[in-house]
1. Using helices alone, what [θ] at 222 nm do you get for the chain, with -39,500 (n - 2.57) per DSSP H run of 4 or more residues, divided over all residues and rounded to the nearest 500?
2. If we sort 56-62, 30-36 on the protection proxy, mean other Cβ atoms within 10 Å, highest first, what's the order?
3. State, to one decimal in nm, how far the label point of residue 29 lies from the label point of residue 4, with both points 7 Å from Cα in the Cβ direction.
């Protein structure tokens, strides 16, 4: 891999990282962040994601309607700026 990327990922050890709208394609990223020691939260409403696998890695999960409300809040804040 890229040494700068590896350094960056390792710098996330012990830090809180949130993935909003994980999608199945982010599973490798989530595993990588967990392996680096990051405290990972995944926010998504899709029940088909590998939640059990991520839970075994120590991932904190947030599912459901409040996820949609969070995204809408973020969108509104972008419009104001």
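Laboratory data are not the source of any read-out in this text; all were calculated from the coordinates shown. In this text the structure is predicted, and so the values were computed from the model without any measurement. Positions of Cβ are generated from backbone atoms using ideal geometry, with glycine treated the same way; all protein chains shown enter the neighbour counts.
1. Numbers: 4 runs with 40 residues, N = 81.
Roughly -14500 deg cm²/dmol at 222 nm, from the helical runs in the chain.
2. On the way: 56-62: 14.1, 30-36: 17.4.
Ranked by mean Cβ neighbours within 10 Å, highest first: 30-36, 56-62.
3. According to this spin-label approximation, the distance is 1.8 nm.
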